[in-house]
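Asker: Could you have a look at this structure, given as structure tokens, before my questions?
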Amino acid sequence: MAACPALAYAKDPESGIVSLDADRCIGCRYCSWACPYDAPRFDQERGVMTKCTFCSHRQAEGLRPACVEQCPTGALGFGDLASLPGVEDGVGLPTLAPGPSIRFVPGRPRPPELAAPPQAAPMAAEPAPRKITLRSEWPLLGFTLLAAWLASAQASLASGRPAFPPTLFALLAVASLVLSSLHLGQKLRAWRAILNVRRSWLSREIVLYSAFVGLALLHQVLLPNATRLAAPAAAVGFAALFAIDRVYDVVRGSRRLHSADVLGTGILLAGLWIGHLPSVAALGALKLYLYLTRKIEDGFKRPQWAVLRLGAGFVLPVAMYFLDPERWRLWALAGTAVGELVDRCEFYAGLRVLTPRGEMSFSSAPKPAAA
Ligand code: SF4
Ligand code: SF4
């Protein structure tokens, strides 16, 4: 409910039931990233989220939920949580806030007089399908990288060094807006995405990025002589990059900082455009540290990506600084473009949505044999 940018969720103050109004949903799927219990499910055909209603219409008439009523084995119960029998801790069910409102009744132990059941062959744990993949998120990959390039170009312009001609800037800005809307299930309702600025980082990202594009185009295309607009537009652009990074907080795991965070990318690129060596060296060193510590932690999975990221993003700029100082900035920008693209691909490939099924398949994975 807090994550939804379109205010499509509501909570009944009396019963506590969280309900979803599909007519308000823009199909951004962000709520399914934020919910650790996999409650919202995306309806591909309608392009909106769906969710259990807890049969609020039946409860209003004093009836029990239909699934409880219909279950032929009586496996489901319903009532005030505190009065329900059982234990809170289900196998693999994430115990994050707000906490699962469910009790599990453990199976009864087998009476000793009964013969032991035949041993079944251990089942291989089927991996849970991933909710975020590089293939599914490529429009957001393109949007976030373009946002970093455009904010850095605006900062460069504010310092008196235009990075892109205004026409190219405008084309890239339009392309970034199109990319950002491609993953929405309901594109015509995209305007609703700004409604939850108070609580949703996605709403804040959209408001800030739209303001950045509007201000930058106003300055570059319509009022090129209004130079006092350049710096505020760049500042709003960097605020938008900060908001973009916060959108991924719910799926980035324990890492608060990532070498591919777009705010860092934007500042690094701005330093390169402007030719401010101290900021380039500081951001480059921070990114290298974050990248190497992550790679060491994950045992250098995908070594070919690491070679490309390190070679293009770090080795090439440093080498060309000494070998071709005249054109060093161009080499560094080209190398950074490749390095940041690879790192951002790895960022999306590494995002994980917490789900009960994912946790259960993890906890039911075959254990290593005892020594
Ligand atoms: S607008 Fe997005 S976050 Fe809100 S219900 Fe729809 S898919 Fe979920
Ligand atoms: S039948 Fe059960 S699962 Fe379906 S909406 Fe009602 S409470 Fe939710």
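Asker: Give segment 200-219 a look and list any residue that's within 13 Å of V247 (Cβ to Cβ) and touching a residue at least 40 places away in the same chain (Cβ under 8 Å), or say none.
Answerer: S200, W201, L202, S203, R204, E205, I206, Y209
Asker: Given L182, L263, L241, which one is assigned by TED's automatic domain parsing to the domain that holds R329, within 17 Å of the chain's Cα centre (by Cα) and in contact (Cβ under 8 Å) with a residue 24 or more places away in the chain?
Answerer: Exactly one of L182, L263, L241 is assigned by TED's automatic domain parsing to the domain that holds R329, within 17 Å of the chain's Cα centre (by Cα) and in contact (Cβ under 8 Å) with a residue 24 or more places away in the chain, namely L263.
Asker: Of all residues in segment 46-84, which are surrounded by 12 or more Cβ atoms within 10 Å (Cβ to Cβ), assigned to a helix (DSSP H, G or I) and either in contact with a His (Cβ under 6 Å, 6 or more places away or on another chain) or not aliphatic (A, V, I, L, M) (or both)?
Answerer: Passing the criteria: S56, R58, Q59, C67, E69.
Asker: For residues in segment 50-85 being touching a Ser or Thr at 6+ places or on another chain (Cβ under 7 Å) and either among the aliphatic types (A, V, I, L, M) or within 16 Å of ligand 1 (Cβ to nearest atom) (or both), which is farthest from A190 (Cα to Cα)?
Answerer: By that ranking, first place goes to L81.
Asker: Considering only residues of segment 280-296 that are surrounded by fewer than 15 Cβ atoms within 10 Å (Cβ to Cβ) and not hydrophobic (A, V, I, L, M, F, W, C), which is farthest from G311 (Cα to Cα)?
Answerer: T293
Asker: Then there is this: For N225, are the conditions met, namely being at pLDDT 95 or above, more than 22 Å from W138 (Cβ to Cβ) and in a loop (DSSP other than H, G, I, E, B)?
Answerer: Criteria not met by N225.
Asker: Pairs please, first residue from segment 54-67 and touching a residue at least 40 places away in the same chain (Cβ under 8 Å), second anywhere and part of a loop (DSSP other than H, G, I, E, B) and within 16 Å of ligand 1 (Cβ to nearest atom), Cβ atoms under 9 Å, 6+ apart in sequence or on different chains.
Answerer: Listed by first residue and then by second, the contacts come to S56/I17; Q59/I17.
Asker: So which residues in segment 7-45 are assigned to a helix (DSSP H, G or I), within 16 Å of ligand 2 (Cβ to nearest atom) and of a type in the set (D, E, K, R)?
Answerer: Residues satisfying the conditions do not exist here.
The values are calculated or read from the model by the stated rules, or taken from the named source; none is laboratory data. Just so it is clear, the structure is predicted and the values come from calculations on it, not from any experiment. Neighbour counts are summed over all protein chains in view; Cβ atoms, including those assigned to glycine, are modelled from backbone coordinates with ideal geometry.
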